[in-house]
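Below is one structure; the comments refer to it alone.
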Amino acid sequence: AFKETVAGLVDFLGRRGEVNTNANINFATLDPNLFYTDTEKSRIGQFIEYMALERTRIETMRYIESLTHTQHNTGGGETGGVVKSDSQSTKLQGWKYRHENFPRNGWCQEPAEEYTINEKKEKGLLFVRVPKAASSTILGVALHIAHHVGEKNLPSKRACSVSGNHWSSIVLERPYLNSIQTNGQSFLWAWIRDPETRVVSNAFFSHVSRRGMKPTDSNIIGMLRANNYQLDFLNLDVNGRVIVETAQPPWKRGNKNKALRLSEDQFETELPKYIDQVLETYDFIGLVERMDESLVALRLLMGLEATDILYVNAKSAGGYDDGSFKKKCYKIKKSFISPAVREFLDSHQLQTGIVGDRMLHEAVSRKLDATIEELGVDRFQAALGEHKFLMNKAKEECAHKIIFPCSEKGVRQKEESALNCYRADAGCGYPCLNDIAKEYSSGWN
């Protein structure tokens with residue numbers, strides 16, 4: 001087994017061009033019995049793990065390079081991730097508003113009055129809310145957009161229909177999704193985060209802050225679930241359905257996404273197909289690490305006003321959560337990464353579990369770059385400057401007026417916050433943001 005391992009590693013390095021596989025290496029002389037001390041066994045194990053991690057890293061980089069050099073041939077068309085050129089090279093396309101033949105606000109649909117779960121056919125803003133990826137903050141943006149656009153365009157003057165709960169049952173069969181996208185009656189979008197920071201944030205928020213778990217190295221490492229969570233949450237299953245929201249979180253319902261059941265040998269060939277399918281199906285995916293850039297790109301694509309995308313962060317370290325868990329307010333503890341946790345994050349075990357999420361994150365980042373280029377850099381930078389100016393104004397004027405579901409002292413104030421937030425802790429401070437919008441639209445600058 002030792003000889004086969006060494007031979008495999010040498011062959012792998014040879015294909016990378018780092019060693020000469022034609023060199024005279026006599027594997028018969030490699031006696032595994034010579035490596036018997038704990039120290040030597042540990043070093044061999046570390047070397048083998050390093051090579052496995054290196055393989056995962058290389059496969060990730062191959063996919064990233066394929067975004068500009070290789071055709072995955074998924075039939076993306078106008079909205080696909082990759083487009084083939086006459087020179088046989090490829091270039092990643094930016095996000096595009098796919099409904100140009102329909103009114104730009106065609107996605108703004110009247111909210112359904114009553115329906116059963118089996119009859120539920122959602123339209124409108126379909127926001128896939130990935131936990132611990134600024135989901136409450138972006139839901140607030142979605143609701144802010146829906147209220148502003150609905151007030152201007154719907155006969156009822158109500159907010160446009162918005163889907164954005166974590167775990168309610170909304171299943172969009174592929175034919176239905178295709179029809180509402182083709183007819184411009186929906187906008188399917190999501191927000192994702194760097195997979196390492198997301199799993200750490202989830203461990204601290206869900207277990208340290210809310211459940212009182214001590215943040216020891218062993219406890220934190222035990223809570224770092226790495227199973228291509230975000231790729232699964234964007235929910236393209238093997239039957240081509242998009243599960244916008246599900247009745248249970250992924251760790252309870254099991255992995256329905258075939259991408260999560262791949263062996264490492266299949267990563268290089270299969271994961272890119274799933275990621276390209278996500279890029280083809282979604283109308284937009286934003287990044288937590290590039291929050292304002294993503295929002296401005298979204299605004300320009302959808303033809304929104306600058307004041308439609310203003311927001312206030314729903315949760316931050318040192319503050320409190322939304323008071324929904326056990327109907328109590330829990331103070332949000334600041335996350336940190338100790339050397340031991342850092343070592344685990346760098347391990348083959350963790351990195352293999354997030355390789356799909358990392359590929360997706362990098363693809364979305366490059367797609368955002370392409371979007372900015374296609375929108376026009378000067379136009380985008382002007383809009384970004386306008387957004388930052390308005391955000392600073394919102395911070396100055398609204399910070400002291402916001403009423404969250406939990407007070408600064410950790411007391412629930414649900415009734416008071418209901419008049420200041422769109423839903424739970426999403427969109428808190430919207431009355432003040434609306435005042436800024438009115439002032440800005442009237443000529444104040």
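The values are calculated or read from the model by the stated rules, or taken from the named source; none is laboratory data. Since this is a predicted model, take the numbers as computed values, not measurements. Every residue, glycine as well, gets a Cβ built from its backbone with ideal geometry; the counts of neighbours run over all protein chains shown. Quick note on the areas: whole protein, heavy atoms, side chains included, nothing else; ligands and nucleic acids left out. Shrake-Rupley method; radii C 1.70, N 1.55, O 1.52, S 1.80 Å.
Results, tabulated for the structure shown:
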{"quantity": "Leu360 over 23 Å from His207 (Cβ atoms), touching a Lys or Arg at 6+ places or on another chain (Cβ under 7 Å) and among the aliphatic types (A, V, I, L, M)", "calculated": "no"}
{"quantity": "Residue within region 265-286 that is touching a residue at least 60 places away in the same chain (Cβ under 8 Å), farther than 17 Å from Leu360 by Cβ and outside any helix (DSSP H, G or I) present", "calculated": "no"}
{"quantity": "Matching residues in region 154-176 - criterion: being modelled with pLDDT of 70 or more and either over 14 Å from Arg129 (Cα atoms) or not polar (S, T, N, Q) (or both)", "calculated": "Leu154, Pro155, Ser156, Lys157, Arg158, Ala159, Cys160, Ser161, Val162, Gly164"}
{"quantity": "Residues (open to solvent by less than 30 Å² (accessible area, probe 1.4 Å) and not in a helix (DSSP H, G or I)) located in region 332-357", "calculated": "Ile332, Ser338, Ser347, Ile354"}
{"quantity": "Residues (open to solvent by less than 20 Å² (accessible area, probe 1.4 Å) and either at pLDDT 85 or above or in a helix (DSSP H, G or I) (or both)) located in region 308-331", "calculated": "Asp308, Ile309, Leu310, Asp321, Gly323"}
{"quantity": "From Ala363, Ala370, Ala383, residue being modelled with pLDDT of 95 or more and assigned to a helix (DSSP H, G or I)", "calculated": "Ala383"}
{"quantity": "Counted residues, region 208-220 - those being open to solvent by 50 Å² or more (accessible area, probe 1.4 Å), in contact (Cβ under 8 Å) with a residue 40 or more places away in the chain and part of a helix (DSSP H, G or I)", "calculated": "1"}
{"quantity": "Checklist (1) surrounded by fewer than 17 Cβ atoms within 10 Å (Cβ to Cβ); (2) touching a residue at least 60 places away in the same chain (Cβ under 8 Å); (3) more than 29 Å from Glu305 (Cα to Cα) applied to Lys409, failing item", "calculated": "(2)"}
